[in-house]
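These notes concern the structure reproduced below.
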Amino acid sequence: MKTLISNALVIPMTKEGYSLRTDIGIDGTHIAFVGKAEPSFHPDHIIDASSLLAMPALVNAHTHLSMGLMRNYKDDLPTLQEWLAEIFPIEDQLTERDILLASRLGIVESIQSGVTTIADMYFNQHSTAQAIIEGGIRASIGITLFGDLQQSKERVKKSEALLRSFRSHPESRIQFDYAPHAIYTCPKETYQYAHDLAKEHGALLHTHLSETRKEVEDSVQEFNATPLAYLKELGCLDDIRLLLAHCVHLCDEELEILKEVDATIVHNPSSNAKLSSGLAPVSKFLEHGLNVALGTDGASSNNNLNLFEEMHVASLIGRVYTPTNTKLSPYQVLGMATTNGAKALGLDHRIGRLEAGMEADILLVDLHKSHLTPLNDPFSALVYSAQASDVDTLFCQGRMLMQHRKVLSLSVEDVLHDANACWTDVLSRKRG
Ligand SMILES: [Zn+2]
């Protein structure tokens, strides 16, 4: 299948401030060219993109798809700790089918906001993997560890058997990482176990880190070290790639530690604000040369999976919270949601830029909107003005997942119906 995206305003994310009006050719799963179409390219399908903007599809580098079930539930609690005390008992009783239905919901929402790649952390990973394959997107799925070493080993054992088939999925849209939840839910033996598995399998270690001031204070009291320094002492930062969600309360010594290891910080500004956790000093991270990606966190602490909104919030906070007096630029924020996210997951040779030879993860934004007119600066427009609902068409690995806002890979009606029925059932089981 060959597709020609004709005469689009293209933001390839290959160079700061660079945009051009040209064609994009898709041949099967890959981008054949970005430039004027050769007469020898005979497309099966032509998209007139004269009123569309083409850019790399977005990467949501930290989320919990299935938490969409708990959207707008117990929102009035003052701290992360009190909120988790309400959420954990519900999560304990979610079934494999609940997770499948909830994952489908999160995938529909992701597609509708231009996201083709997610880093997920949750339980019953095979249900999430099944939904990812159905939905046609790609994911780094965390084998989530929670509790002591024995519990963690049982989780890994259960996961390994179930995930073996997905690991060899021919389209390779799924990879797995090891995801100890946080230092306040996992002891040191669990982190060391996760580290050793990540090293053995060449996988990421994905964890929450320094999300709240309380987490840092408790760490100093219990371990006589800040959270990152504690993980360093355990040897958990060596010889692996790290995906560190939040990092709201890192001290300067911890930034120096991060410069020496292969880590990405995932900025989740909506979740951090909503849970009163604080604001991460992102400009400081970037000035230290650290890779910073963008995430929504779960839809029960955000309360959506809308990465366009996340870019907007990150941009606004990055203008007003500037500990180093440098403000985030629109291009930097777009980079966090595309190239930096791809790099974080080890996928930057496949996705995150629009160039010949890259896999065709492309989103097309409809520019024919009042809030995008006139289009003086497309980079500013994408982070300050654009809405997720402006995403008209979405490709993942060359497959069209949404066309003119219609999701093609899943039935939106069925997914919404099933999610509502599932949540009603979860609540009745909780009461029962
Ligand atoms: Zn999270």
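When you go through (1) in contact (Cβ under 8 Å) with a residue 12 or more places away in the chain; (2) surrounded by fewer than 18 Cβ atoms within 10 Å (Cβ to Cβ) one by one for residue 343, which number turns out not to apply?
(2)
Picking from 107, 24, which residue would you name as being farther than 19 Å from residue 305 by Cα, touching a residue at least 60 places away in the same chain (Cβ under 8 Å) and not in a loop (DSSP other than H, G, I, E, B)? It would help to see each step written out before you state the result.
On the way: 107 fails: farther than 19 Å from residue 305 by Cα.
That would be 24, the only listed residue that is farther than 19 Å from residue 305 by Cα, touching a residue at least 60 places away in the same chain (Cβ under 8 Å) and not in a loop (DSSP other than H, G, I, E, B).
Give the residues of the stretch 195-214 that are touching a residue at least 60 places away in the same chain (Cβ under 8 Å) and among the aliphatic types (A, V, I, L, M), sorted by residue number.
Once the filter is applied, which keeps residues that are touching a residue at least 60 places away in the same chain (Cβ under 8 Å) and among the aliphatic types (A, V, I, L, M), the stretch 195-214 yields only 204.
Out of everything in the stretch 236-292 that is under 16 Å from residue 207 (Cα atoms) and among the β-branched types (Val, Ile, Thr), what residue ends up being nearest to the ligand (Cβ to nearest atom)?
Per the criteria, the residue is 266.
Residue 322 is checked against (1) within 13 Å of residue 56 (Cα to Cα); (2) β-branched (Val, Ile, Thr); (3) touching a helix residue (DSSP H, G or I) at 6+ places or on another chain (Cβ under 8 Å) and fails just one. What number does that condition carry?
With respect to (1) within 13 Å of residue 56 (Cα to Cα); (2) β-branched (Val, Ile, Thr); (3) touching a helix residue (DSSP H, G or I) at 6+ places or on another chain (Cβ under 8 Å), residue 322 is out only on (1).
Under 23 Å from residue 408 (Cα atoms), surrounded by 24 or more Cβ atoms within 10 Å (Cβ to Cβ) and within 16 Å of the ligand (Cβ to nearest atom): is that true of residue 127 in this structure?
So residue 127 does not fit the description; no.
Taking residue 334 as the residue in question, decide whether it is over 26 Å from residue 181 (Cβ atoms) and either within 15 Å of the ligand (Cβ to nearest atom) or buried (at least 22 other Cβ atoms within 10 Å of the Cβ) (or both).
Against the criterion (over 26 Å from residue 181 (Cβ atoms) and either within 15 Å of the ligand (Cβ to nearest atom) or buried (at least 22 other Cβ atoms within 10 Å of the Cβ) (or both)), residue 334 qualifies.
Of (1) touching a residue at least 40 places away in the same chain (Cβ under 8 Å); (2) within 27 Å of residue 81 (Cβ to Cβ), residue 217 satisfies all except one. Which?
(1)
Given the conditions (1) within 16 Å of the ligand (Cβ to nearest atom); (2) surrounded by fewer than 23 Cβ atoms within 10 Å (Cβ to Cβ), which single one is not true for residue 203?
It is condition (1) that residue 203 fails.
Looking at 185, 212, which one is farther than 21 Å from residue 262 by Cβ, within 16 Å of the ligand (Cβ to nearest atom) and surrounded by 20 or more Cβ atoms within 10 Å (Cβ to Cβ)?
212
Quick check on my filter: what residues within the stretch 287-335 are within 17 Å of residue 273 (Cα to Cα), among the aliphatic types (A, V, I, L, M) and assigned to a helix (DSSP H, G or I)?
Passing the criteria: 307, 311, 313, 314, 316, 317, 320.
How many of the residues making up the stretch 220-236 are at negative phi and surrounded by fewer than 21 Cβ atoms within 10 Å (Cβ to Cβ)?
Of the residues in that region, 10 qualify.
When you go through 421, 381 one by one, which is the residue that is in a helix (DSSP H, G or I) and crowded, with 20+ Cβ neighbours inside 10 Å?
Selected residue: 381, the only one of 421, 381 that is in a helix (DSSP H, G or I) and crowded, with 20+ Cβ neighbours inside 10 Å.
Evaluate the stretch 88-103: report whether one residue or more is at pLDDT 95 or above and either more than 21 Å from residue 426 (Cα to Cα) or touching an Asp or Glu at 6+ places or on another chain (Cβ under 7 Å) (or both).
yes
Among the listed residues 134, 217, which satisfies the condition of being under 21 Å from the mean Cα position of the chain (by Cα) and assigned to a helix (DSSP H, G or I)?
Numbers: 217 fails: under 21 Å from the mean Cα position of the chain (by Cα).
After ruling out the rest, the residue left standing is 134.
Can you tell me which residue is farthest from the chain's Cα centre (by Cα) among those in the stretch 49-80 that are within 14 Å of the ligand (Cβ to nearest atom) and over 25 Å from residue 396 (Cα atoms)?
It comes out as 80.
Sort out which residues of the stretch 384-418 are touching a residue at least 40 places away in the same chain (Cβ under 8 Å), in a helix (DSSP H, G or I) and more than 12 Å from residue 365 (Cα to Cα), and write them in order of number.
Matches in the stretch 384-418: 384, 412, 415, 416, 418.
Among (1) out of contact with any strand residue (DSSP E or B) (no Cβ under 9 Å at 6 or more places or on another chain); (2) part of a helix (DSSP H, G or I), which single condition is residue 78 missing?
(2)
The values are calculated or read from the model by the stated rules, or taken from the named source; none is laboratory data. All of these numbers come straight from a predicted model, not from anything done at the bench. Every residue, glycine as well, gets a Cβ built from its backbone with ideal geometry; the counts of neighbours run over all protein chains shown.
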